[in-house]
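See structure below.
The values are calculated or read from the model by the stated rules, or taken from the named source; none is laboratory data. Bear in mind the structure is a predicted one, so any value in this text is a computation, not a measurement. Counting neighbours? That spans all protein chains shown, and the Cβs are built from the backbone with ideal geometry, glycine included.
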Amino acid sequence: MTATGSAPQIPLFDLRLEPEDLDAVAQTLRSGWLTMGPRAAAFEEAFAAQLGCRHAVVVSSCTAALHLAYLAAGVGPGDEVIVPSYTFAATANAVIYCGATPVFADIVGPHDLGVDPDDVAARITPRTKAVVAVHFAGYPAPVDRLRALCDAHGLALVEDAAHSPSARLGERKLGTWGMAGCFSFFSNKVLPAGEGGLLATDSDEVAELARRWRSHGMTSGSWERHTRTAGGYDVIAPGLNYRLDEPRCALLLSRLERLEAEIARRRQLVAAYRERLSVVPGVIVPYPDEALELSSAYVMAILLEDPDRRPALRQALLAGHGIQTSIFYPAVHEFTAYRERFPGVSLPRTEWASRAEVTIPLYPHMTDEDQDRVCSAIERELAA
Ligand SMILES: *Cc1c(COP(=O)(O)O)cnc(C)c1O
């Protein structure tokens, strides 16, 4: 096992900007209007159009969008929100911002890392206000079943769509199945701009609340006052500052044009990974092949039948082959902040997956040659 000295390291994710992205940002900087102006409005319109929803509200992060969605669902002290634990911590953290309690639900299993609707149903109590679905890697969680369940119990369904721009279930895009869909434009996501997020909704009331709360609870912004569509403002809620600036909105607008092409290339890479790695002894490749065309192919996850082999495999890939890997995800209920607040949570399928999962490199401009190196290294190390 020797490091291939001259070959470049293969990162987990790599972000590439094109000249048109840089031009769009430079033009915005030259315009002198740097936040919440025409680019934000244009990006919101374009994103809503590609998603097929009535409203898109840009905010500073997906975490901010989740917080606003929970507030719009009326989540407050004493309430419960059912969330998966197999997710990034922000999904649950934002419940705590509202003074409410996250109630963790288990996943379906190693072949489907989405939340199990039967386990969600079993956890509904009179205090439950909302249910959150995460579309892991952009593969659809069962939002059709969760929507029916939420409708039957008068609960809000919130989609954490951080992984899943332009992914779908049937003909309907993910992020449009519930009361609100929350997207992330963080650096390593499918539509990256460094930072940023968006709340999508068909509800006029939810959109209105999100627009007010993202800017201090004000009834108008400085762009409206600048363009004389509003004279003054009132503050109608103790709002937040969750605004997104114009250069990032310009970058997002520019990148949005390449979104479908980049997802197509991601799917091609994931299809090749799936074909090659699903036959490697000891490797589980989650989700059926047919689900790939629905997905945004955000990350490539594999699970090891023997989770005890994970530390050595990850170390060998990094030290011996220059290949970076990650874990999507450590279970949220097992983090210190959650173990201390909510002890005794037991989610066997989530806990097993969080010990067995390895996330391997994937990005649209990954070469076939680099992908071949990743596959060969995994084959070799697991055969050792
Ligand atoms: C990245 C991510 C978030 C948080 O997104 P930010 O834009 O960084 O706030 C929330 N949920 C999931 C599932 C994520 O992957």
**Q.** Residue satisfying all of: in the range 136-152; under 13 Å from Pro117 (Cα atoms) and touching a Phe, Trp or Tyr at 6+ places or on another chain (Cβ under 6 Å); nearest to the ligand (Cβ to nearest atom) among these
**A.** Val143
**Q.** Candidate set from the range 154-176 (those that are touching a strand residue (DSSP E or B) at 6+ places or on another chain (Cβ under 7 Å) and away from the ligand (no atom under 16 Å from the Cβ)); member that is farthest from Glu293 (Cα to Cα)
**A.** Leu155
Q) Within the set of pairs 6+ apart or on separate chains, which have a first residue in the range 342-364 that is free of Cβ contacts under 8 Å to residues at least 40 places away in the same chain and assigned to a helix (DSSP H, G or I), a second that is buried (at least 18 other Cβ atoms within 10 Å of the Cβ) and of a type outside the set (Val, Ile, Thr), and C-beta atoms under 7 Å apart? A) Glu351/Ala331
Q.
Tell me which helices (runs of 4 or more DSSP H) are completely within the range 15-84 and hold 2 or more residues being within 16 Å of the ligand (Cβ to nearest atom), or say none if there are none.
A. 38-51, 62-72
Q: Check Leu304, Leu318 and return the single one that is in contact with a strand residue (DSSP E or B) (Cβ under 8 Å, 6 or more places away or on another chain) and not aromatic (Phe, Trp, Tyr).
A: Leu304
Q.
Scan the range 215-238 and tell me whether some residue there is of a type outside the set (Asp, Glu), touching a residue at least 60 places away in the same chain (Cβ under 8 Å) and within 14 Å of the ligand (Cβ to nearest atom).
A. no
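For the range 313-341, enumerate the residues that are within 25 Å of the chain's Cα centre (by Cα) and not in a helix (DSSP H, G or I).
Here is the first cut: in the range 313-341, the ones within 25 Å of the chain's Cα centre (by Cα) are 314, 323-339, 341.
Result: Ile323, Gln324, Thr325, Ser326, Ile327, Phe328, Tyr329, Pro330, Ala331, Phe335.
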Q | Complete set of residues in the range 353-376 that are of a type in the set (S, T, N, Q), buried (at least 19 other Cβ atoms within 10 Å of the Cβ) and over 16 Å from Pro307 (Cβ atoms) | A | Gln371
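Return the residue satisfying two criteria in turn: it lies in the range 191-209 and is away from the ligand (no atom under 16 Å from the Cβ) and surrounded by 18 or more Cβ atoms within 10 Å (Cβ to Cβ), and of such residues it is farthest from the chain's Cα centre (by Cα).
Among them, the one singled out is Leu209.
Give the residue, chosen from Val132, Val95, that is in contact (Cβ under 8 Å) with a residue 40 or more places away in the chain and either under 18 Å from the mean Cα position of the chain (by Cα) or assigned to a strand (DSSP E or B) (or both). Break it down stepwise before answering.
On the way: Val95 fails: in contact (Cβ under 8 Å) with a residue 40 or more places away in the chain.
Exactly one residue qualifies, and that residue is Val132.
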Q. If the Cβ limit is 8 Å and pairs must be 6+ apart or interchain, which residue in the range 59-82 that is among the aromatic types (Phe, Trp, Tyr) pairs with which residue that is surrounded by 24 or more Cβ atoms within 10 Å (Cβ to Cβ)?
A. Tyr70/Val81; Tyr70/Ala94; Tyr70/Val95; Tyr70/Ala130; Tyr70/Val158
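May I ask you to list the residues in the range 121-144 that are closer than 24 Å to Glu357 by Cβ, touching an Asp or Glu at 6+ places or on another chain (Cβ under 9 Å) and not small (Gly, Ala, Ser)? So that I can check it myself, show each step before the final result.
Residues of the range 121-144 closer than 24 Å to Glu357 by Cβ: 123, 131-143.
Subset that is touching an Asp or Glu at 6+ places or on another chain (Cβ under 9 Å): 123, 132-136, 139, 141-143.
Passing the criteria: Arg123, Val132, Val134, His135, Phe136, Tyr139, Pro142, Val143.
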Q | Evaluation of Asn188 against (1) more than 14 Å from the ligand (Cβ to nearest atom); (2) modelled with pLDDT of 95 or more; (3) surrounded by fewer than 22 Cβ atoms within 10 Å (Cβ to Cβ); (4) polar (S, T, N, Q) (one fails), failing number | A | (1)
